[in-house]
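Working notes, structure below.
The values are calculated or read from the model by the stated rules, or taken from the named source; none is laboratory data. Predicted, not measured: the structure shown is a model, and the values here were computed from it. Here the Cβ positions follow ideal geometry from the backbone for every residue, glycine too, while neighbour counts run over all protein chains shown.
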Amino acid sequence: MRVLVAIDSMKGSISSRDAAAAVKAGILSVSSEAQVDWVPVADGGEGTVETLVSGLGGELIQVNVTGPLGEPVQAAYGWLPQQQTAVFEMAQASGLPLVPSEKRNPLHTTTRGVGEMLLDALDRGYRRMIIGIGGSATNDCGIGMLLALGCRFFDDAGQEVAGYGRDVGRIARIDASGLDPRLAGCEIQVACDVNNPLCGPNGASAVFGPQKGATPEIVRQMDAGALRFSQVVKEATGIDAADAAGAGAAGGLGYALLVFLRARMGSGISIILDTLRFEEKAAWADVVITGEGRLDRQTVMGKVPAGVAEAAKRHGALVVALAGCVTPEARACNDHGIDAYFPILQRPCTEREAMELSQASANLEATAAQVFHLITACETWRANS
């Protein structure tokens, strides 16, 4: 039996690599003749860089960049030599966890560090890039990133505008002539799993602003500023992308990437699986084991288990998902390629205990073993019937 393990990290608990190792140990404890392979998977969010670098023999590159509050932070991105691809998480430079709760206000945050990470990659000669844009602390429509890359912005008085959320609505003129020319030779994919437009009731400010510290008044201010900015951009470039799916992602960073960097927006899990050439691996497997920390209604909306299951089912594999916990809405997974799913907890315990690395590993190993006891028993029964 050929088994492929493609399980996401469980946030705050266990990495994709360690989770796969535990599942493999559980399988081999039951069926020593099974052929077990694994592939690192992520959906473009937190942990994507670390997962792909560790699983694909890549290099983790540390850079000092401008953090969301304008202070220096150390960020990391990955270089995958076999794929000739640089992989970024914008949250490394401009993520919400980098901002203390008492300082969270998207008027005062910037994506400048994202642009500085891209500049570092350009200096190293990298021209193929994947950028995951989840988990942002920002609502600056990407102007911080664009400033780092050579754009300039001016207000009605001709004064240069800085790159914070509070500055977006002041912009009256754009000078993109200084945008780094090396970007024209880049292939940039944006891993994004939201389809919000830039402005309006479903836009960046209204939907995501409150979780970044925005009051209702700040939301109205930011939304009005984003609308004005999009009109200035349309006049300057002829591009009207404010309503494009994903333009509102990461506080409008998606909009800036679409318009100024000519990036392609796509499902995070689809982009990652394509990079991994997962389809070829899925064609080899009889059984695919996937999973994540929590299976719920969002799982089928572009999360790792659903993406893995879709690819595996194209090749007729049996798909089983393992999770730290499941909700009643997880039943939708059965309609999206996952044949069965199992919570891994073995005994009552606190959430903190369940998330400890040693406990999570032991729970995954034990559950995988029981799943394969069942699979083996069913095969034996079928052979003898």
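Odds and ends about this structure:
- All of Ala226, Ala242 fail the test of being surrounded by 15 or more Cβ atoms within 10 Å (Cβ to Cβ) and not in a loop (DSSP other than H, G, I, E, B), apart from Ala226.
- Checked against the criterion of being modelled with pLDDT of 95 or more, closer than 28 Å to Ser267 by Cβ and of a type in the set (Val, Ile, Thr), segment 172-186 contains not a single residue that satisfies it.
- Members of segment 115-136 found to be surrounded by 24 or more Cβ atoms within 10 Å (Cβ to Cβ) and within 19 Å of Asp43 (Cβ to Cβ), listed by number: Ile130, Ile131, Gly132, Ile133, Ser136
- Options Gly150, Gly225, Gly169, Gly209; residue that is more than 21 Å from Gly115 (Cβ to Cβ), of a type outside the set (S, T, N, Q) and in contact (Cβ under 8 Å) with a residue 12 or more places away in the chain: Gly209
- Candidates are the residues of segment 332-385 that are among the β-branched types (Val, Ile, Thr) and more than 26 Å from the chain's Cα centre (by Cα); the one that is surrounded by the fewest Cβ atoms within 10 Å (Cβ to Cβ) is Thr350.
- Selection status of Gly78, assigned by TED's automatic domain parsing to the domain that holds Gly213 and farther than 28 Å from Val39 by Cα: no
- Restricting Ala157, Ala148 to those that are surrounded by fewer than 18 Cβ atoms within 10 Å (Cβ to Cβ), in the same structural domain as Gly252 (by TED's automatic domain parsing) and either aromatic (Phe, Trp, Tyr) or at pLDDT 95 or above (or both) reduces the list to Ala157.
- Residues that are hydroxyl-bearing (Ser, Thr, Tyr) and within 19 Å of the chain's Cα centre (by Cα), drawn from segment 37-91: Thr48, Thr51, Ser54, Tyr77, Thr85
- Inter-residue pairs, beta-carbon under 6 Å, first in the same structural domain as Leu96 (by TED's automatic domain parsing) and in segment 231-258, second modelled with pLDDT of 95 or more and among the basic types (Lys, Arg), 6+ apart: Asp240/Lys234
- Test for Glu187: is it among the charged types (D, E, K, R) and under 21 Å from Glu89 (Cβ atoms): yes
- Single condition Glu89 does not satisfy, out of (1) touching a strand residue (DSSP E or B) at 6+ places or on another chain (Cβ under 8 Å); (2) surrounded by fewer than 20 Cβ atoms within 10 Å (Cβ to Cβ); (3) outside the structural domain of Asp286 (by TED's automatic domain parsing); (4) in contact (Cβ under 8 Å) with a residue 40 or more places away in the chain: (2)
- Applying the condition of being assigned to a loop (DSSP other than H, G, I, E, B) and over 17 Å from the mean Cα position of the chain (by Cα) to segment 273-305 and asking which residue is nearest to Leu322 (Cα to Cα) yields Asp296.
- Within segment 108-162, the residues that satisfy the criterion of being within 24 Å of Thr51 (Cβ to Cβ), touching a helix residue (DSSP H, G or I) at 6+ places or on another chain (Cβ under 7 Å) and assigned to a loop (DSSP other than H, G, I, E, B) are Thr111, Arg127, Ile133, Gly134, Gly135, Ala137, Thr138.
- The listed residue being touching a residue at least 40 places away in the same chain (Cβ under 8 Å), of a type in the set (Val, Ile, Thr) and touching a Leu at 6+ places or on another chain (Cβ under 6 Å), out of Val320, Val288: Val288
- Failed condition for Glu59, given (1) in the same structural domain as Gly95 (by TED's automatic domain parsing); (2) charged (D, E, K, R); (3) out of contact with any strand residue (DSSP E or B) (no Cβ under 7 Å at 6 or more places or on another chain): (3)
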